[in-house]
Amino acid sequence: MCHLKNFPQNLIDTVTSSGLISSQLQSSVMQEKPEMPAIEVIRSAKRTKTVQARIVDGQIQVRIPARMSKAEEEKAVGEIVAKLKRRTQSAVSSDADLIERAHKLNKTVLEGRARVESIRWVSNQKGRWGSCTVATAEIRISDRLKHVPDYVLDAVLVHELTHTFIAGHSAEFWEWADKTPLAERAKGYLEAYQRWG
Ligand SMILES: [Zn+2]
């Protein structure tokens, strides 16, 4: 299991070191250091052309067509992991980053109405993206959101921040929560992420 706090950095280290990647490719799941995410390559008979990569439990899972040669596999996996790396590089990775982001969103989106008290990443919220204790304005954000585009994280933050001044999901609540830029796109992203990982 990767060390969550250092995960983005470890991920970058892994994918930029070509020697490491190829040694992991040869024997499916192999980790040089326990805190680094491994790359698992799955050959699928159902796939004909497309290659897909995703992060499952801190491990990079790549699905490739069963017919690919070893050389094609190496090239395709290298490319998709680099792509995944670009997508998962978020500037928001510590609790302090979350607080800073929340202050900014409160100002730009919520006209300063939210209470920004305690916001932290948590790893025990498998079924939820975020939660808020209204009485204390304590917000918890699932660390699975460390690997989504910023507009998606922003949408979840604005949702929870809105709860610090409106408890339920009333029409008034959605009026504020949906002020997030790209709110609808973020909802679509999360729906797909929930379903497909
Ligand atoms: Zn809610």
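Bear in mind that the values in this text are calculations on the coordinates, not laboratory data. For clarity, every value in this text was computed on a predicted model and none was experimentally measured. Reconstructed Cβ throughout: ideal geometry from the backbone, glycine too, with neighbour counts over all protein chains shown.
Based on the Cβ-Cβ distance of HIS169 and ILE99, what FRET efficiency does E = 1/(1 + (r/R0)^6) give at R0 = 25 Å, to the nearest 0.05?
0.55
Report the net charge of residues surrounding GLY78, where surrounding means a beta-carbon distance below 12 angstrom and charges are Lys +1, Arg +1, Asp -1, Glu -1.
-1
Could you give log10 I(q)/I(0) at q = 0.12, 0.14, 0.24 Å⁻¹ for region 95-196, computed by the Debye formula over C-alpha point scatterers of equal weight, without solvent?
-0.33, -0.46, -1.47
Quick check: net charge around MET68, other residues with Cβ under 12 Å of its Cβ, Lys/Arg +1 and Asp/Glu -1?
Numbers: positive: ARG43, ARG47, LYS49, ARG63, ARG67, LYS70, LYS75; negative: GLU72, GLU73, GLU74.
Once positives and negatives cancel, what remains is +4.
Tell me, in nm to one decimal, what length is gained between SER44 and SER69 on full extension, where the rule is 0.36 nm per residue of separation less the Cα-Cα distance?
7.7 nm
Starting from the Cα of LYS75, draw a straight line to each of the lysines and keep only those under 18 Å, dropping any in the same chain fewer than 8 residues away.
LYS49, LYS83, LYS85
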